Structures are given as structure tokens and as C-alpha cells.
1. What are the residue pairs meeting all of these: first residue in region 166-194, first residue in contact (Cβ under 8 Å) with a residue 24 or more places away in the chain, second residue among the hydroxyl-bearing types (Ser, Thr, Tyr), Cβ atoms under 6 Å, and 6 or more apart or on different chains?
2. In region 94-117, how many residues are open to solvent by less than 20 Å² (accessible area, probe 1.4 Å) and in a loop (DSSP other than H, G, I, E, B)?
3. Any idea how many residues of region 199-239 are in a helix (DSSP H, G or I) and over 19 Å from residue 167 (Cα atoms)?
4. Output the number of the condition that residue 146 fails; it satisfies all remaining conditions of (1) farther than 18 Å from residue 75 by Cα; (2) surrounded by 19 or more Cβ atoms within 10 Å (Cβ to Cβ).
5. For region 259-298: of the residues being part of a helix (DSSP H, G or I) and of a type in the set (A, V, I, L, M), which is farthest from the chain's Cα centre (by Cα)?
6. Filtering region 240-257 down to residues that are part of a helix (DSSP H, G or I) and among the β-branched types (Val, Ile, Thr), which residue is nearest to residue 70 (Cα to Cα)?
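The values are calculated or read from the model by the stated rules, or taken from the named source; none is laboratory data. It should be emphasised that the depicted structure is a prediction, and the values quoted were computed from it without experimental measurement. No Cβ is skipped: glycine too gets one built from the backbone with ideal geometry, and neighbour counts run over all protein chains shown. Accessible surface areas use protein heavy atoms only, side chains included; no ligands, DNA or RNA. Shrake-Rupley method; radii C 1.70, N 1.55, O 1.52, S 1.80 Å.
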Amino acid sequence: MRPPTIYDVAAAAEVSPSTVSRAFSRPGRVSAETASRIHRIAAELGYRANALTGVSARERTSAVAMVVPDVTNPVYFGLIHGFEAAATKAGYTVVLADTRWSMRQERTVLDRILPAVDGLVVTGSRLSDRGMRAAAGHRALVMLNRIVPGTRTVLVDTAAGVDAALRHLVGLGHRSVTYVAGPPASWADGMRWRSLLDAAPRFGLRISRIGPYPPTMAGGTAAVDGLLRDLPSAVLVFNDLVAIGILHGAKQAGIGVPDEMSVVGFGNVVGADFCTPPLTTVGTPMRAMGTAAFEQLQRAMSGDPMDTHAVVSLTARLMVRGSTGAARRRRTRPAVDGIRPAGPPRGSRTMAAESS
């Protein structure tokens, strides 16, 4: 006979496995009636909380976690490698968790992983600030590219990166830029748009926005339909995967890049210099970010008090490649696949910015 598992207890108690986990590791998150029933059924089945659910707040596991929204996204490769190298050198085992851009999945991941690690680093979170502070109350926690009051943060200087991209485009003669937005719940997306709004007046640029779109190549291909409605001189894109998707979609639609439209991405992912044309992008030092994240996590795990170094900002660098070029005289484009030039697409936002 195999020993009973958490799934056996969950089935007998008619609750989810994560509820059983909380009943043992975080009883305050489960009603007294439900917790009592779970413990009674667990005793009847002979179930004992295993290492995953039974770690108390005082025990050390010598494990740390990194939580990302999409482990297949190449933007996270350097981040994971930097974090893993620093953690391994310090004697920790690294647990990697993928939330699949889902708030529900993220909650489940945190519920299951918190008891099993000494600390964790979270990027691309969809949970509220309150939810992240609750997690930080149980284990040492560091946020990446998002500021949550009361937690340590490592981020990239988005404003400086946007400034560098706009300075480059203005130098090429562009007078307008369209921002292709990413997921609506993304903190990084909000910061990029805000930085663009703040910087545009200094460069005398007219800006607009389309989206949101999924943070994938397919999302970029879909964005081309919106861009065709009023083809912009230049686009600044949420991330490199969306930007690469735009390059593919533009080629299929007969749009010349950069002859008719310049494209700038964010991230400098693996492959950004392999596409055609090679992508100009705001490069983020992801491996350095992973290293810095572990250093901050070590501070938190050792009990160092929060201080002025609670937010670590890293410098972005513009990587100029073939997807940007001199602004061309605008031409009216014929219909492509049944799409004719029209006014701004639904959900778009336009702002005329005067130079200061």
C-alpha cells in the first residue's frame, strides 16, 4: 500500500490540494471548520504533512525560488542564469516556477512554494501589492521590475531607456512614435507608457498607443493589423517578442522596415540580432539583474533591515541595429488583406506633445 498523499486528503475532504497545503502550513488562510475537517481526515488516512507543506517559518531549507510568468520567453534566460549562478555559489538550490501569465496560477504557485524555500524572487507578477506583501510576510521576497512598498526591488531604469530610444528616433528625423502596449496588468508596461508620456514633450514628439496585445510573437503579428490603420513612422514596442512578431507581420503585409516604419523593442533577447532586419532594442542587463536579485534576497533572508538600498536600479542600454532608419516621407498605403487605412483603432490613444 502506498502512503496517502495530499491529493487523497483533498479528494476525501472535497477541497483543493492547495487548501490542504494551507491547512498545514498557513492555517490562518483556511476557515476553522475546513481546517478541522482536513486534519481529521488526514489523521484517519494516516497522512503526514511532507517537506513541501510542513516546513515551519523557523526551519531553513537551503532552497530559494524564482517565479517567472513564462519560462520559455528568452528575455528571462539571462535573468535565470544570473540568479542561479549566484545562488549556487552561496550554497542554495534553486526552484524555478512558471505562472503562465495567470493570476490564479501565480496564487497557486506561491501557496505551494512558500513553505518549501527560504526566500523567493518574483517577476511579472499579476497579484496586487497587498497580495505580494502578504507573501513577503511569510518568506523573504524580492520583486523584479515592480515596486511594492515594503519589499525589496531590482528594476531597470525604464525612463533612461525610453529617453535613449526617443533620442535615437528623433535623430533619424522621426516626429511621431506609436507605443505597442503589452498586457494591461503589467507594471512594466505601465512604466514604459508613463515614461513615454513624460519624455515626449522634451523631444517634441507626437505619440499614440495601440493595444494591449499578448507579450508574444503572435501578439506582435496581431498588432500589425492595428498599425496598418494609420501606419506610423516609428513604433516603440512592449518587448522584443512582440517587436519580432511585428517584423514578421510587416513583411507579410509588404511594409518595409525600416524604410516605411522603424521598430524598437525592449529586452535585447536572444535572437533579437538574428531576425530580419536585426532588431533595435532597449537592452536590459538581465544576467546582472538576476545576480542583484539574489544579493537582495540574501539581505532579506539574513534579516538586514530595509534601507535606502531597498530599490536597486540598473542601467538600460540602447542597442542600435537594422530595424530603425531615417524617417521617410509618408505615403498612403493600399488596402492589405481587406484592411484599409482608417482613423486610430478602437482603444488607441493619441497625444500631441509640444517641445518644452
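1. Listed by first residue and then by second, the contacts come to 174/233; 176/233; 178/208; 191/158; 192/158.
2. 2
3. As a first pass, look at region 199-239 and keep what is in a helix (DSSP H, G or I): 199-203, 217-228.
Subset that is over 19 Å from residue 167 (Cα atoms): 217-228.
Residues that pass the stated criteria total 12.
4. (1)
5. Let us first name the residues in region 259-298 that are part of a helix (DSSP H, G or I), namely 286-298.
Checking which are of a type in the set (A, V, I, L, M) leaves us with 286, 288-289, 292-293, 297.
Details: 286: 12, 288: 16, 289: 13, 292: 17, 293: 15, 297: 19 Å.
This residue is 297.
6. Initial filter on region 240-257 (part of a helix (DSSP H, G or I)): 240-253.
With among the β-branched types (Val, Ile, Thr) added as a condition, the list becomes 242, 244, 246.
Details: 242: 14, 244: 17, 246: 20 Å.
Once the filter is applied, the top-ranked residue is 242.
Let's see how each residue does on (1) open to solvent by 40 Å² or more (accessible area, probe 1.4 Å); (2) at pLDDT 95 or above; (3) of a type in the set (Val, Ile, Thr); (4) not in a helix (DSSP H, G or I):
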{"site": "121", "(1), (2), (3), (4)": "no, yes, yes, yes"}
{"site": "125", "(1), (2), (3), (4)": "no, no, no, yes"}
{"site": "133", "(1), (2), (3), (4)": "yes, no, no, no"}
{"site": "166", "(1), (2), (3), (4)": "no, yes, no, no"}
{"site": "174", "(1), (2), (3), (4)": "no, yes, no, yes"}
{"site": "189", "(1), (2), (3), (4)": "no, no, no, no"}
